[in-house]
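Participant: Below you will find the structure I want to go over with you.
The values are calculated or read from the model by the stated rules, or taken from the named source; none is laboratory data. Source: prediction; values computed, not measured. Please note: Cβ atoms are built from the backbone with ideal geometry, for glycine as well, and neighbour counts cover all protein chains shown. Note: accessible area is taken over every heavy atom of the protein model, side chains too, but ligands, DNA and RNA are not part of it. Shrake-Rupley method; radii C 1.70, N 1.55, O 1.52, S 1.80 Å.
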Amino acid sequence: MNKKPYLAVFGIILATGLMASAFILGNQFKNFRQTGSISVKGLAEEHYTATQGTWVINIGGWGRTYSDAMAANQKNLNEAVRFLKSQGFTDENREITELDVKPYTEYYENEKGETKRRQNGYTASRNIHLSTKELAKLQKALTNIHQIAANNEEIGFNDPNYYLENLESLKRELISKATQDARIRAEEFAKTSNVKVGVLKSASQGPFYIQSPNPDAEDSSDYTGSYDTSTIEKKARLVVTIEYAIE
């Protein structure tokens, strides 16, 4: 049997199959390039100054009777209000919570060495909530509380909190800057692969942090973000994840 015609036909079939395979693989590669993407993170950091301060002052009072406790609390409240007025704060700056009077329970040791408890009069408590935009005035008042705190243990001054107003507007500003940063990063990656960055395919916001200007360490304990209200000066930090098409 003459095998030459058979081999010729087989060769033609094989060549046709290889050409078809090359065409299919070429199209698959082209589609991969067309539908390929790159995902990058963008970071934005900005420093801001708080514009709103709040301060909580605890007012207590003890008395042997219910009315005695109320009177003691009122006396301490008047003293705290006088102090705030002396620091330049007005009635509009403060809000006073409702008075809460409760029996006071004390613990003692009897002659057998057993720990017992008994009622010893009443305690009355309420708070003053101060709110102001005059943060310099608030800072000055903080330096002047030592004498009143030393003379009256029933008046307690908490640490103030400082906030940024228009928080959503600031967040939008940071998102814009983080998105620009992501685009730059994507283009740097693209250069090394001889491709071009195309349209934005998806975007998501990551953690949003408001920290002190010089935090001891990066806050990574809460992946949803954090808000440090202990300082007037703040550093805001926002991360976005962007996916771009590549061409």
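Participant: Just one of Leu164, Leu200 is surrounded by 11 or more Cβ atoms within 10 Å (Cβ to Cβ), in contact (Cβ under 8 Å) with a residue 12 or more places away in the chain and in contact with a Leu (Cβ under 7 Å, 6 or more places away or on another chain); which is it?
Facilitator: Leu164
The rows are residues; the columns are (1) of a type in the set (A, V, I, L, M, F, W, C); (2) within 40 Å of the chain's Cα centre (by Cα); (3) closer than 28 Å to Glu165 by Cβ; (4) part of a helix (DSSP H, G or I).
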residue	(1), (2), (3), (4)
Val56	yes, yes, yes, no
Asn73	no, yes, no, yes
Asn78	no, yes, no, yes
Phe83	yes, yes, yes, yes
Gly88	no, yes, yes, no
Glu92	no, yes, yes, yes
Val101	yes, yes, no, no
Tyr108	no, no, no, no
Gly113	no, no, no, no
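Participant: Which of (1) in contact with a strand residue (DSSP E or B) (Cβ under 8 Å, 6 or more places away or on another chain); (2) polar (S, T, N, Q); (3) in a helix (DSSP H, G or I) does Asn127 not meet, given it meets every other one?
Facilitator: (3)
Participant: I've got another one for you. Among the residues of segment 115-130, how many are open to solvent by 50 Å² or more (accessible area, probe 1.4 Å) and of a type outside the set (Val, Ile, Thr)?
Facilitator: Number satisfying all stated conditions: 7.
Participant: Could you tell me how many of the residues in segment 167-218 are of a type in the set (A, V, I, L, M, F, W, C) and in a loop (DSSP other than H, G, I, E, B)?
Facilitator: Number satisfying all stated conditions: 2.
Participant: Hey, another quick one. Being open to solvent by 70 Å² or more (accessible area, probe 1.4 Å) and in contact with a Ser or Thr (Cβ under 8 Å, 6 or more places away or on another chain) is the filter here, so list the residues in segment 147-161 that pass it.
Facilitator: Asp159
Participant: Of the residues Tyr104, Tyr108, which is modelled with pLDDT under 95, touching a Ser or Thr at 6+ places or on another chain (Cβ under 9 Å) and closer than 19 Å to Asn152 by Cβ?
Facilitator: Being modelled with pLDDT under 95, touching a Ser or Thr at 6+ places or on another chain (Cβ under 9 Å) and closer than 19 Å to Asn152 by Cβ holds for just one of Tyr104, Tyr108, which is Tyr104.
Participant: Consider segment 146-161. How many of its residues are among the aliphatic types (A, V, I, L, M) and modelled with pLDDT of 95 or more?
Facilitator: 1
Participant: For residues that are touching a residue at least 60 places away in the same chain (Cβ under 8 Å) and among the charged types (D, E, K, R), scanning just segment 35-93, find the one that is most open to solvent (accessible area, probe 1.4 Å).
Facilitator: Among those residues, the one meeting the criterion is Lys41.
Participant: Filter segment 145-161 down to residues that are farther than 15 Å from Leu77 by Cα and free of Cβ contacts under 8 Å to residues at least 60 places away in the same chain and give me whichever is nearest to the chain's Cα centre (by Cα).
Facilitator: In this case the residue turns out to be His146.
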